[in-house]
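Only one structure is covered here, and it is reproduced in the block below.
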Amino acid sequence: MLSRVGLVILLLAAVTVLLVIGAKVSSSGLSAEAITQRVLASHPTWQSYDEDIKAQIGAAPVAEWQGQPVAAQCDTETVRVTFRLTGPWAVRKTAIPVLLRDPLSGTHQNARTERKNGMATYVFEMPKSATSAGMAWIEIKYPRGERRLILSPTGEWEAD
């Protein structure tokens, strides 16, 4: 028969194991690795973006995404759109796909994402044909949002 001390130690060990397992699984029930794999395989279309990301990544992880665009910059080779993120996606190593549409109706998925202090900068590699004349605007699609950003003559936009 276990003594009280032995029973307490066993109970603490069980709680520790459950906490470790829980830390590796998001509130959606998917591990961080599973979410990363799904994100990397995700290629949503402009027309059915919301449905595509829910089907390809999972409705629960997508529902956890909370963010707003705060800045954009366009140069001759890339467009960078920065989002302020909150919730689980602010600390995940992977980033949910965001789409960009240029004035020539080209649709682009972010090539990479850079993170810093709760901000995620989505980097889109652009063909010279889209940026050669300068872009007056871009449209972006992100979870539960779509927005047209009017760029300054220097190719910049900032949220109010």
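Out of the range 95-111, which residues are farther than 22 Å from G134 by Cα and either in contact (Cβ under 8 Å) with a residue 60 or more places away in the chain or not β-branched (V, I, T) (or both)? Walk me through how you get there before you give the answer.
Applying the first criterion (farther than 22 Å from G134 by Cα) to the range 95-111 yields 95-97.
Once the filter is applied, which keeps residues that are farther than 22 Å from G134 by Cα and either in contact (Cβ under 8 Å) with a residue 60 or more places away in the chain or not β-branched (V, I, T) (or both), the range 95-111 yields A95, P97.
For the range 66-75, check the following and say yes or no: at least one residue is exposed (fewer than 15 other Cβ atoms within 10 Å of the Cβ), modelled with pLDDT under 95 and either of a type outside the set (D, E) or not in a helix (DSSP H, G or I) (or both).
For the range 66-75, residues exposed (fewer than 15 other Cβ atoms within 10 Å of the Cβ), modelled with pLDDT under 95 and either of a type outside the set (D, E) or not in a helix (DSSP H, G or I) (or both): present.
Consider the range 62-108. How many of its residues are charged (D, E, K, R) and within 9 Å of the chain's Cα centre (by Cα)?
Step one: of the range 62-108, the residues charged (D, E, K, R) are 64, 75, 77, 80, 84, 92-93, 101-102.
Keeping just the survivors that are within 9 Å of the chain's Cα centre (by Cα) gives 92.
Within the range 62-108, residues that are charged (D, E, K, R) and within 9 Å of the chain's Cα centre (by Cα) number 1.
Condition check: buried (at least 18 other Cβ atoms within 10 Å of the Cβ), small (G, A, S) and over 26 Å from L30 (Cβ atoms). Does A95 satisfy that? Explain how you work it out, then say what you get.
Numbers: buried (at least 18 other Cβ atoms within 10 Å of the Cβ): yes; small (G, A, S): yes; over 26 Å from L30 (Cβ atoms): no.
So A95 does not fit the description; no.
Inspect all residues belonging to the range 49-65 and state whether any of them is outside any helix (DSSP H, G or I) and modelled with pLDDT under 90.
At the first step, the residues of the range 49-65 found to be outside any helix (DSSP H, G or I) are 58, 64-65.
If we keep only those that are modelled with pLDDT under 90 too, we end up with none.
Checked against the condition, which is being outside any helix (DSSP H, G or I) and modelled with pLDDT under 90, the range 49-65 yields no hits at all.
The values are calculated or read from the model by the stated rules, or taken from the named source; none is laboratory data. Quick caveat, the model's predicted, so the values are computed rather than measured. Backbone-built Cβ (ideal geometry, glycine too); neighbour counts: all protein chains shown.
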